[in-house]
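Peer 1: Just passing along the structure, written as structure tokens.
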Amino acid sequence: MRLLLATGNPHKVDELRAALSGFEIHAFGLTDTPPETGATYLDNARIKARHARKHAPVDAWVVGEDSGIEAAALGGRPGIESARWAEDGVAALLAALAHEADRRVRYVSELVAISPNGAELRGTGMLEGVAANEPRGSEGFGYDPIVIPLGETRTVAELGDVWKSEHSHRALAARALADYLRRAR
Ligand code: IMP
């Protein structure tokens with residue numbers, strides 16, 4: 001089954017590919033990306049998928065993904081604004097949590113797939129952890145150097161891409177979606 005992922009983020013493509021063996025995954029980059037005006041990850045994932053549906057080859061499934069990081073001490077912020085709330089999100093989150101005892105954070109990923117005939121499927125995944133005091137590690141992207149998953153001592157960036165392909169919020173969302181896709185095939 002061929003899936004076109006509507007994203008300009010090559011890490012997301014790699015992570016989905018690693019998490020979804022048995023599916024053929026391609027990046028579907030668009031120059032005129034739609035504004036992410038939704039109120040939820042699901043809304044924004046759907047906006048990306050629907051936009052791709054309009055432009056993609058008719059025989060392919062399209063997939064939109066939206067994700068973010070939520071800090072408990074910040075009432076869930078930055079959440080759906082994670083990519084946009086600060087020029088340097090990692091530094092901004094460390095500064096915002098500097099005097100907070102509650103360092104719980106979680107990643108959320110929402111995937112929406114749309115079939116050639118317009119049917120919609122979705123998958124959700126979450127990865128819980130705590131914020132490190134300073135960035136560590138070089139793999140992954142975004143906030144990975146400051147996220148220590150529950151039960152681990154290393155950050156996601158130290159645990160690395162192979163670990164992410166099995167345990168990340170995106171991998172969990174992808175596996176949930178894959179179950180539906182296999183039934184829809
Ligand atoms: P999106 O591309 O609009 O979905 O923005 C998601 C943002 O959330 C990214 O730009 C990162 O800042 C953050 N994020 C989501 N998933 C991850 C991840 O797996 N690692 C690190 N940061 C992530």
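The values are calculated or read from the model by the stated rules, or taken from the named source; none is laboratory data. Everything numeric in this text was worked out from a predicted model, so none of it was measured. Positions of Cβ are backbone-derived with ideal geometry, glycine not excepted, and every protein chain shown enters the neighbour counts. Heads up: the accessible areas ignore ligands, DNA and RNA and are worked out on the full protein's heavy atoms, side chains in. Shrake-Rupley method; radii C 1.70, N 1.55, O 1.52, S 1.80 Å.
Peer 1: Can you list the HN-Hα couplings for the stretch 163-176, worked out from phi with the Karplus curve (6.51, -1.76, 1.60; θ = phi - 60°), rounded to whole Hz and with x for Gly and Pro?
Peer 2: Taking θ as phi minus 60°, the curve returns 4, 4, 5, 9, 10, 5, 3, 6, 5, 5, 4, 5, 5, 5 Hz for the stretch 163-176.
Peer 1: If you don't mind, another one. To the nearest 10 square angstrom, how much accessible area does Arg53 have with a 1.4 angstrom probe?
Peer 2: 50 Å²
Peer 1: Given all pairs of different Cα atoms, what value in angstroms does the Kirkwood hydrodynamic radius of the stretch 89-137 take?
Peer 2: This gives a value of 13.5 Å.
Peer 1: Go from 0 up to the bin containing the longest alpha carbon distance in the stretch 119-170, width 5 Å each, and give me the % of pairs per bin.
Peer 2: Calculated over all Cα pairs of the stretch 119-170, the distribution is 5, 22, 31, 22, 9, 5, 4, 2, 1 percent.
Peer 1: Given the options Ala96, Ala174, Ala45, state which has the largest fluctuation in a GNM of the chain using a 10 Å cut-off (strictly under) for Cα springs.
Peer 2: Sorting by GNM fluctuation, first place goes to Ala96.
Peer 1: Pairs of alpha-carbon atoms within less than 8 angstrom and 6+ residues apart define the contacts here; what relative contact order does the stretch 36-130 have, in percent?
Peer 2: Normalised by residue count, the contact order of the stretch 36-130 is 30 percent.
Peer 1: Right, here's the next one. With every protein chain present, what is the per residue accessible area of the stretch 2-184 (1.4 Å probe, Å²)?
Peer 2: I get 48 Å² per residue for this part.
Peer 1: From the phi angles alone, apply the Karplus equation (6.51, -1.76, 1.60; θ = phi - 60°) to the stretch 104-114 and give each ³J(HN,Hα) in whole Hz, x where the residue is Gly or Pro.
Peer 2: Karplus values, whole Hz, x for Gly and Pro: 5, 9, 8, 8, 10, 10, 10, 10, 10, 10, 10.
Peer 1: Could you work out what % of the accessible surface of the stretch 2-184 is carbon and sulfur, using a 1.4 angstrom probe and leaving DNA, RNA and ligands out of the count?
Peer 2: Its accessible area is 51 percent carbon and sulfur atoms.
Peer 1: Remind me, relative contact order of the chain in percent, using alpha carbon pairs under 8 angstrom and six or more residues apart?
Peer 2: 20 percent.
Peer 1: Give me a comma-separated list of calculated 3J(HN,Hα) values for the stretch 78-83, in order, Karplus coefficients 6.51, -1.76, 1.60 applied at θ = phi - 60°, integers in Hz, x for any Gly or Pro.
Peer 2: Listing the rounded values in order: x, x, 5, 8, 3, 7 Hz.
Peer 1: Something else now. Checking a compactness column here: for the chain, what do you get for Rg(Cα) / (2.2 N^0.38 Å), N being the number of residues?
Peer 2: After normalising by residue count via 2.2 N^0.38 Å, the value is 1.02.
Peer 1: Related question: How would you rank 123-130, 136-143, highest first, on the average number of other Cβ atoms within 10 Å across their residues?
Peer 2: Ranked from most to least packed, the peptides come out as 123-130, 136-143.
Peer 1: Next question, about the same structure. Under 25 Å Cα to Cα from Lys164, which lysines show up? Leave out anything in the same chain fewer than 8 places away.
Peer 2: Excluding near neighbours in sequence, the set is Lys12, Lys48.
Peer 1: Now for a different question. Could you work out how far apart the two model spin labels at Asp14 and Asn117 are, taking each label as a point 7 Å from the Cα in the direction of the beta carbon, and quote it in nm?
Peer 2: In this crude label model, Asp14 to Asn117 measures out at 3.8 nm.
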